[in-house]
Amino acid sequence: MKEDERISYWKSEFSTQIPKGSTYEDIERWATSHNIPFNVAKGDEGYFLVLEETKENSVVCVSWVYKLAFQVNEKRELTEYEIGREGRCL
């Protein structure tokens, strides 16, 4: 699959199973059901979870990391999320 298809895939998987208002624990269960280690990092703007890393033999970028960035409220309910990718490039 192309990289943009991977983003579409993860957005579809997440949005259909984890609507806004879902709990932090729901997100953890979702990750576990997709064999994603729940190694969440906390940043200034919320939480980050690596969904997958792909490697390629491209001249420009050698790997892509697909990430879920999300925010929860004081009740630990999902309020916002974004799925994107970061490249490790030469």
Which trypsin sites (Lys or Arg not before Pro) in the range 16-78 sit in a loop by DSSP (not H, G, I, E or B) and have at most 12 other Cβ atoms within 10 Å of their own Cβ?
K20, K75, R76
Surface accessible to a 1.4 Å probe, per residue, for the residues of the chain, Å²:
66 Å²
Counting helices only, and only those DSSP H runs with n ≥ 4, report the 222 nm mean residue ellipticity of the chain as the sum of -39,500 (n - 2.57) divided by its residues, in deg cm²/dmol to the nearest 500.
-8500 deg cm²/dmol
Return a whole-number percent for the relative contact order of the chain, with Cα pairs under 8 Å and 6 or more residues apart as the contact set.
26 percent
Student exercise: in the chain, how many lysine pairs 8 or more apart or on different chains have Cα atoms under 18 Å apart?
10
Crossing angle, helix 24-33 versus the chain [Cα axis fit, 0-90 degrees, rounded to tens]
40 degrees
When 1/r is averaged over all different Cα pairs and the result inverted, which Kirkwood radius in Å belongs to the range 31-90?
12.8 Å
Carbon/sulfur accessible area of the chain, % of total, 1.4 Å probe, equals 47 percent
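The values are calculated or read from the model by the stated rules, or taken from the named source; none is laboratory data. Please read these numbers as outputs of a predicted model, since none were measured by experiment. Every residue, glycine as well, gets a Cβ built from its backbone with ideal geometry; the counts of neighbours run over all protein chains shown. In case anyone asks, the SASA skips ligands and DNA or RNA and just uses the protein heavy atoms, side chains included. Shrake-Rupley method; radii C 1.70, N 1.55, O 1.52, S 1.80 Å.
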